[in-house]
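All remarks here apply to the structure that follows.
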Amino acid sequence: MADVIKIATRESYGEALKEIAAECDKLVVLDADLAEATKTVKFKKEYPERFFDCGIAEADMMGVAAGLAASGKIPFASSFAMFAAGRAFEIVRNSIGYPHLNVKIGATHAGISVGEDGATHQCNEDIALMRTIPGMVIINPADGVEAKAAVKAAVEYVGPVYLRFGRLATPIFNDEATYKFEIGKGIQLKDGKDVTIVATGLMVNEAVEAAKLLEADGISARVINIHTIKPIDKDIILKAAKETGLIITAEEHSIIGGLGSAVAETVAEECPVPVVRIGVNDEFGHSGPAADLLKEFGLCKENIVAKTKEAVKKFK
Amino acid sequence: MDSTIKKQLEMTAVNVRMGIIEGTFNAKSGHPGGSLSIADLLTYLYSVKMNVNPADPDMKERDRLVLSKGHTAPALYSVLAEKGFFPKEELKSLRHIGALLQGHPCIHIPGVDMSSGSLGQGISVACGMALAGKIDNADYKVYTILGDGECEEGQVWEAAMFAAHYQLDNLVAIVDNNGLQIDGKITEVCSPEPITDKFAAFGWHVITMDAHDFDSIEKAFDEAEKISGKPVAIIQKSVKGKGVSFMEDKVSWHGTAPNKEQYDQAMAELSARLEELKK
């Protein structure tokens, strides 16, 4: 078996900005003193005249991005998810969301896999926050290939987009040559009849691995990658609900307000089936190596297998 | 300033004030005090200074204005109606269900360059517009109007830092220094003063002007025009409620609409002023 290549989605984000900039002169990038970490530095090095550091002032950065968008630019405003979605929430809501401006928010260091920096920087609430803003598109790519494709799609789409990237290098499982990304379209990675695992972000790869283990134990699990959490692909979820009757959601985000909530809301209204949410429970994280934290918080294939077996036993 | 032009501006400003009273009276809510204090400023900007076209509100090369103190939308709407961006009749349905004119500025209204109202945000957006102008080597100017109380918002100073750092000399921020905010005098609530010194310390060129004297207004904007390499802050010394005797310098008129009797009195005063100017 070939060695698994691991790349953090934030790396792919920086690469994509650099690549797209060559063909899109409207593209400008803003950062809030985190260019080295968000990887917008890749763009900055090639296009310094289109890169603007706002300093440690995320609220202002979001407003500046709004003004740029209102004047015909396609601005990417970057910071850690905690500050982009958290600190600047109300500016994103009122200065970007309400006027529906063409601003792209590149939020990196999302989730518990921030690791050693600990709870203050582990943003498990950003999807929940962004979901409440009317017209906001939310994309949470599962690997580097998807991340790059998502950035390209966000540039082509007119309107506000929140892109969520991770700090941790994670396995590349999509094939760049054949991969197709469409905003709002979930991707079925494996068919199954007993249960469906709906995952997003770095949990997608864990879900695929978990499905293999479940298969060996006689449970046929369908796996769906929901890269776009809003607008969510209702069709693929409702079809899975009808055909498998049980859904497990897996995300590196709070179980409150994220993918799990979005999926539960979707099925509750149109095809009620049990939904078991795997994610960060209603608690804060803490410092530690990312890989260890993911295991500790149950954001791993082993926990998906355990929770799925439990659910199958309980509901099927 | 040429006396004929000055008289014309003064008459327009009275009409703008009547529009503010009309709007807030019909809305039975809104913010007449701070609207009246920027009536002369907006009249000057839209009559003399700004390159805008009511027939093409989104004209690329237009000058932009972001009303950071968005609660004073009645003043902006009244000026835009005066200018012909939409019929004056619209002022009568301000804040009503289904109306064009929302309680706070909305980007979808002809002539309104940005939605605003949550204080502290407009100046950042104006910075973004000015930065876009710099990137494109465009000639347009960006104006933003802030309240003095609004200067208590931290984001104002983030934006002030940004504008100076990027040498946005195509940006003019006007602070409406009427000295009052909802809870009382700005110096008693949680003082943002000295506002002039603060903008100067942030690297802005600072000018003060009398908000209700067109000669002073013209002088300030002429000076602003000459500044390069720095953003300009104009601190306008104004009177909240200016032009309606019983509203002047009264904090209670920050966010209260006139009733029928008060509406009649305000309109009578403004009509009398207009007649006086016509002489």
- GNM, chain B, Cα, under 10 Å: largest mean-square fluctuation among B:Val79, B:Val251, B:Val172? B:Val251
- With axes computed from alpha carbons, what is the tilt in degrees of helix A:234-244 against the longest principal axis of chain A, rounded to the nearest 10 within 0 to 90? 10
- Query: For all pairs of alpha-carbon atoms in chain A, what percent lies in each bin of width 10 Å, listed from the first bin to the last filled one?
  - Reply: 7, 29, 36, 21, 7, 1
- Most mobile of B:Pro54, B:Pro194, B:Pro231 in a GNM of chain B (Cα contacts under 10 Å): B:Pro194
- Message: Compute the helix-to-body angle for B:3-27: its Cα long axis versus the longest principal axis of chain B, expressed 0 to 90° and rounded to tens.
- Response: 70
- Task: Can you check what the net charge comes to around A:Glu296, using other residues whose Cβ is under 13 Å from the Cβ of A:Glu296 (Lys, Arg +1; Asp, Glu -1)?
- Result: -3
- What size of dipole, in debye to the nearest 20, comes out for chain A about its Cα centre when the only charges are +1 on Lys and Arg C-beta atoms and -1 on Asp and Glu C-beta atoms? 600
- Message: Need one number: % antiparallel among DSSP beta bridges in region A:6-171, to the nearest 5.
- Response: 10
- Between region A:68-146 and region B:66-138, the alpha-carbon center distance in angstrom: 26
- On Cα atoms only, tilt of B:214-226 relative to the major axis of chain B in degrees: 20
- Task: Decide, for region A:6-171, between rounded, prolate and oblate: order the square roots of the alpha carbon gyration tensor eigenvalues as a ≥ b ≥ c, take rounded if a/c falls under 1.5, and otherwise choose prolate if a/b is larger than b/c, else oblate.
- Result: rounded
- Roughly what would the spin-label model give for B:Glu188 and A:Glu310, points 7 Å off Cα along C-beta, in nm? 6.0
- Message: If you take every residue apart from A:Phe181 with its C-beta less than 10 Å away from the C-beta of A:Phe181, what net charge results, scoring Lys and Arg +1 and Asp and Glu -1?
- Response: +2
- For the protein assembly as shown, what is the charge dipole size about the Cα centre, in debye to the nearest 20, if Lys and Arg each add +1 at the Cβ and Asp and Glu each add -1 at the Cβ? 1080
- Item | Shape of region A:225-295, Cα gyration tensor, a/c cut at 1.5 | prolate
- Note on the structure: Mean per-residue count of partner chain Cβ within 10 Å for A:94-100 equals 6
- Task: Post the alpha-carbon centroid distance, region A:257-316 to region B:219-279, in whole angstrom.
- Result: 59
- A chain fully extended from B:Val48 to B:Asp213 at 0.36 nm per residue, minus the present Cα-Cα distance, gains in nm 58.0 nm
- Query: Within the protein assembly as shown, what percent of beta bridges assigned by DSSP are antiparallel, to the nearest 5?
  - Reply: 15
- Message: Given the DSSP H assignment, sum -39500 (n - 2.57) over each helix run of at least 4 residues in chain A and divide by its residue total; what's the result at 222 nm in deg cm²/dmol, nearest 500?
- Response: -10500 deg cm²/dmol
- Taking the Cα centre of region A:57-126 as the origin, how large is its charge dipole in debye, to the nearest 20, when only Lys and Arg (+1) and Asp and Glu (-1) carry charge on their Cβ atoms? 340
- For chain B, what is one quarter of the convex hull surface built on the Cα atoms, given in nm²? 13.4
- Message: Starting from a Cα-only point model with no solvent, please compute log10 I(q)/I(0) by Debye for region A:146-250 at q = 0.23 1/Å.
- Response: -1.30
- Any chance you could list P(r) for the protein assembly as shown, counting all Cα-Cα pairs in 20 angstrom bins from zero, rounded to whole %? 20, 44, 27, 9, 0
- Applying the gyration tensor rule to the Cα atoms of region B:228-278 (axes a ≥ b ≥ c; rounded if a/c under 1.5, else prolate if a/b exceeds b/c, else oblate), the class is oblate
- Backbone N within region B:97-122 under 12 Å of label point (7 Å from B:Glu89 Cα along the Cβ vector): none
- Could you check the simple spin-label distance between B:Lys250 and A:Lys26, using points 7 Å along Cα→Cβ, in nm with one decimal? 5.0
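Each reported figure results from applying straightforward, stated rules to the coordinates on display, with no laboratory input. Quick caveat: nothing in here was measured; it's all calculated off a predicted structure. All Cβ positions, glycine included, derive from the backbone under ideal geometry; neighbour counts span all protein chains shown.
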